[in-house]
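The structure appears right after this line, and notes come after that.
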Amino acid sequence: MGAGRMRLRSWLVVGISMALLLAIGAVGISVNRSALNAAETVHRADSLALATNNGGLAAQVLLVSAKDLNDFVTNHPLSMTPQDPGDTAALQEYAKKSANFGYGLVMTDLTGNPLNATGPADMFPGTLSPGFKPLISSLALGKPGFSSIMTVRDTLVQAVAVPIVVGSAPVAILYGFIPLVRSQLQEYIVKLKDDSHVSMLVDNAGIVGAASDPALLGTRADPAITAKIATTESVFVTYSEHGHSMIATVNGGLPGGWAYVRTQSTATFDGPVRSRSLTINLALLTMLLVGVAGLAILGYRSQLVRRRAEERFSALVEHAPDVVTVLDSNGKVLYASPSGQRILGLSAVGSPVFDLIHPDERPLVRERFAALVHDRGGLERMQVRVRQAGGDHRWFDFTASNQLHNPALEGIVINARDITDSREMQDRLAHDAHHDPLTGLPNRRRLQQSLADSLESAPVAVLFVDLDGFKPVNDELGHEAGDELLRQIGVRLSACLRPFDVLARVGGDEFVILLPGVGTAAETAAVTQRLKACADAPFELAGHEVRIGASIGVHVAAPGEHPDAVLRTADEAMYAVKHRSDRAGRHRA
């Protein structure tokens with residue numbers, strides 16, 4: 001009986017041990033699956049967001065090229081007479097200087113008949129080429145046109161087209177052709193190059209027009225990718241390539257039906273998460289099979305699972321591109337992932353995180369951090385600049401979560417992603433949209449915005465400046481000397497103004513100056529004399545001493561006047577000054 005009771009007790013212990021192992025094993029597998037699902041969900045959401053962001057930046061690059069072409073049409077009147085020498089010269093000069101359309105330009109009437117071009121007809125695709133179809137569709141909707149990829153003389157090109165408008169109606173079309181191997185899209189995509197994936201831009205037929213691997217230019221994307229090009233939202237596409245499972249994120253809806261594609265093997269996309277998860281599940285199952293060994297083995301196996309889970313977490317954090325940081329309620333860094341040391345070149349553990357924030361953003365970060373500390377489970381997101389070891393700052397996207405109540409963390413958890421490249425691209429596009437590319441001065445759009453803002457509350461003196469004798473410089477010394485003269489005159493005029501005055505180049509050799517707060521013509525007299533003296537002083541160009549002058553029209557605008565009317569009045573005043581000067585010159589002659 002005693003032995004039976006002992007056997008029964010032993011079986012009872014074994015049964016309890018097995019039940020405990022089953023329960024712990026089930027919990028471990030469930031937790032592991034939940035962690036895997038959460039990590040995959042975040043990773044996929046971030047990948048789609050990255051594709052959307054990169055696709056949007058690529059679209060901006062395309063639209064900037066169309067704006068460049070439209071600015072030329074707007075600022076260079078064309079006769080649109082077939083084979084007009086003046087039009088030919090203007091197109092050739094623009095093609096030579098353009099950062100986009102170095103291959104050439106073609107001007108046609110509305111039915112596609114050529115009017116003028118920078119080269120012979122066989123340099124350009126025929127008007128019946130299928131690649132023009134999306135371009136023509138966009139023009140019909142009143143938008144800039146972007147073609148698919150076309151091949152001419154073994155050169156891959158893309159066409160950008162804008163209408164030439166006279167009055168309010170289009171009368172002709174100007175086509176600019178971009179050599180894809182030297183395009184700004186190709187330069188942008190190469191910047192995204194990474195050994196783990198390939199970034200591409202494909203046209204509506206699936207032909208690669210830009211790629212981080214230049215060898216892919218002109219090749220055809222996988223049919224599974226081509227089928228999703230028209231999708232305007234970022235989506236995942238899975239397919240097989242040379243026997244390997246592949247996954248791509250596709251962001252369509254770019255101008256001309258183009259799409260941004262980021263493709264890589266499924267193995268590199270999923271990373272070590274799934275393989276480590278499988279290892280843990282196998283370990284748990286093995287523990288269930290040997291569970292009859294007793295509570296001692298159960299405790300040992302539990303410690304083994306915990307240790308492996310910690311190793312998996314450490315490996316994921318160490319190799320993650322994001323920086324993970326845990327702060328206490330005062331903002332002191334309790335933990336920082338190894339990627340922080342790799343990106344910033346310093347360890348912030350033990351220091352207040354605010355010391356690393358750029359001084360311009362520091363007050364806002366302190367304010368929002370203080371609010372987050374008192375918001376249990378709250379979430380804050382912001383973009384800030386963070387100092388590196390060398391003193392430079394990089395842009396990061398911060399997502400901060402209040403986990404002070406979580407016993408496993410007991411802190412403010414920050415996930416930070418480096419977005420410096422994206423911010424620099426956005427800033428460059430914004431700057432180019434409002435500044436003259438030759439002189440770096442504000443352009444007409446920026447000028448009108450500044451004038452409108454100033455006229456809301458104060459008078460503004462507007463000086464319209466036209467250079468006298470600029471055309472002979474261009475004719476005798478060449479356009480490069482003329483461009484250098486415009487840059488020098490921009491520097492001189494800026495030196496004559498107050499820091500808050502505005503100097504803009506509005507086209508050709510014409511400049512406009514805004515003097516906020518100046519309400520009488522008498523106050524502008526001294527400024528006008530200084531400006532004329534600056535323009536009259538000799539310039540050194542290509543070893544020649546050059547003298548020009550300036551005709552300056554002045555209009556003092558009262559608050560509330562319409563900006564267009566103000567600029568028009570100043571322009572008329574300038575022409576009146578120039579007319580008087582010409583008449584006086586003829587009289588002296």
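The values are calculated or read from the model by the stated rules, or taken from the named source; none is laboratory data. Computed from a prediction, not measured in an experiment: that's the story for all the values here. Methodologically, a virtual Cβ is constructed for each residue, glycine included, from the backbone with ideal geometry; neighbour enumeration extends over all protein chains shown.
Some points to look at:
- Residues of segment 522-545 that turn out to be among the aliphatic types (A, V, I, L, M) and surrounded by fewer than 13 Cβ atoms within 10 Å (Cβ to Cβ), as a count: 6
- Residues of segment 136-180 that are of a type in the set (A, V, I, L, M, F, W, C) and surrounded by fewer than 14 Cβ atoms within 10 Å (Cβ to Cβ): Ala140, Leu141, Val165, Val166, Ala169, Val171.
- Sub-7 Å Cβ pairs linking a first residue in segment 519-533 that is more than 17 Å from Ala570 (Cβ to Cβ) to a second residue that is part of a helix (DSSP H, G or I), at least 6 apart or interchain, number zero.
- Leu69 vs. criteria in contact (Cβ under 8 Å) with a residue 24 or more places away in the chain, assigned to a helix (DSSP H, G or I) and in contact with a Gly (Cβ under 7 Å, 6 or more places away or on another chain): yes
- Each residue in segment 365-381 was checked for being in a loop (DSSP other than H, G, I, E, B) and of a type outside the set (D, E, K, R), and 3 pass.
- Looking at Ala230, Ala221, Ala210, just one residue is under 16 Å from Gly55 (Cα atoms) and surrounded by 20 or more Cβ atoms within 10 Å (Cβ to Cβ), and that residue is Ala210.
- Qualifying residue in segment 502-521 (condition: closer than 29 Å to Glu484 by Cα, surrounded by fewer than 16 Cβ atoms within 10 Å (Cβ to Cβ) and modelled with pLDDT of 90 or more): no
- Note on segment 464-477: residues that are in contact (Cβ under 8 Å) with a residue 40 or more places away in the chain and either over 20 Å from His434 (Cα atoms) or surrounded by fewer than 18 Cβ atoms within 10 Å (Cβ to Cβ) (or both) amount to 7.
- Residue count, segment 507-559 (criterion: aliphatic (A, V, I, L, M), in a strand (DSSP E or B) and more than 41 Å from the chain's Cα centre (by Cα)): 1
- Against the list (1) out of contact with any strand residue (DSSP E or B) (no Cβ under 6 Å at 6 or more places or on another chain); (2) surrounded by fewer than 18 Cβ atoms within 10 Å (Cβ to Cβ); (3) within 25 Å of Val42 (Cβ to Cβ), the condition Met382 fails is (1).
- Conditions (1) buried (at least 19 other Cβ atoms within 10 Å of the Cβ); (2) of a type outside the set (Val, Ile, Thr); (3) within 27 Å of Asp71 (Cα to Cα); number of the one not met by Glu480: (1)
- Residue ID - nearest to Ile136 (Cα to Cα), chosen from residues in segment 213-244 that are in a strand (DSSP E or B) and touching a strand residue (DSSP E or B) at 6+ places or on another chain (Cβ under 7 Å): Arg220
- Scope segment 235-254; condition surrounded by 14 or more Cβ atoms within 10 Å (Cβ to Cβ) and at pLDDT below 90; matching residues: Gly252, Gly253, Leu254
- If the condition is being closer than 18 Å to Arg417 by Cα and of a type in the set (Ser, Thr, Tyr), then segment 343-377 contributes only Ser347.
- Top-ranked residue in segment 385-402 [being of a type in the set (Gly, Ala, Ser) and surrounded by 13 or more Cβ atoms within 10 Å (Cβ to Cβ); ranked as nearest to His358 (Cα to Cα)]: Ala400
- Residues within segment 72-87 that are in a helix (DSSP H, G or I) and either loosely packed, with under 15 Cβ neighbours inside 10 Å or at positive phi (or both), tallied: 4
- Inter-residue pairs, beta-carbon under 8 Å, first touching a residue at least 40 places away in the same chain (Cβ under 8 Å) and under 23 Å from Ile207 (Cα atoms) and in segment 154-169, second among the charged types (D, E, K, R) and assigned to a loop (DSSP other than H, G, I, E, B), 6+ apart: Gln158/Asp203
- Total residues in segment 389-423, condition of a type outside the set (D, E, K, R), at pLDDT 80 or above and closer than 30 Å to Lys191 by Cβ: 7
- Considering only residues in segment 135-166 that are under 24 Å from the mean Cα position of the chain (by Cα) and assigned to a helix (DSSP H, G or I), the one that is farthest from Leu217 (Cα to Cα) turns out to be Ser138.
- Looking across Leu201, Leu174, one residue alone is in the same structural domain as Gln92 (by TED's automatic domain parsing) and assigned to a strand (DSSP E or B). It is Leu174.
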